[in-house]
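Enquirer: Below is the structure I would like to discuss, written out as structure tokens.
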Amino acid sequence: MQSLSRIALAASLAVLSMASQAADWSDTSLGYRTGTKFQEPAIADSIKKDIFFLNHVSGNSLGSNFFNADLLL
């Protein structure tokens, strides 16, 4: 049981040390867009789509990160 406590303490310290290396700047956005005139290659008619998105960008002295996810319905 004591070794489990030590592992939990080490994991907590690792997470805290990563927080000190946080991004110098960052921006995150969630959103929704919709439309009725989207086109797909195999479909002749316009189709309706609902799109939920998540965007994240951040950077520090070592470089930058970008993440984009779209959910198309």
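Enquirer: Under 7 Å by Cβ, and 6 or more places apart or on different chains, what pairs join a residue from the range 25-39 that is among the hydrophobic types (A, V, I, L, M, F, W, C) with one that is assigned to a strand (DSSP E or B) and surrounded by 10 or more Cβ atoms within 10 Å (Cβ to Cβ)?
Expert: TRP25/SER58; TRP25/GLY59; LEU30/LEU54; PHE38/SER46; PHE38/ILE47; PHE38/LYS49
Enquirer: Moving to a separate point now. When you scan the range 46-54, do you find a residue that is polar (S, T, N, Q) and either modelled with pLDDT under 90 or open to solvent by less than 60 Å² (accessible area, probe 1.4 Å) (or both), even just one?
Expert: No, the conditions are met nowhere in the range 46-54.
The values are calculated or read from the model by the stated rules, or taken from the named source; none is laboratory data. Computed from a predicted structure; not experimentally measured. Virtual Cβ from ideal backbone geometry, glycine too; neighbours counted across all protein chains shown. Please note that ligands, DNA and RNA were not included when accessible areas were found on the heavy atoms of the full protein model with its side chains. Shrake-Rupley method; radii C 1.70, N 1.55, O 1.52, S 1.80 Å.
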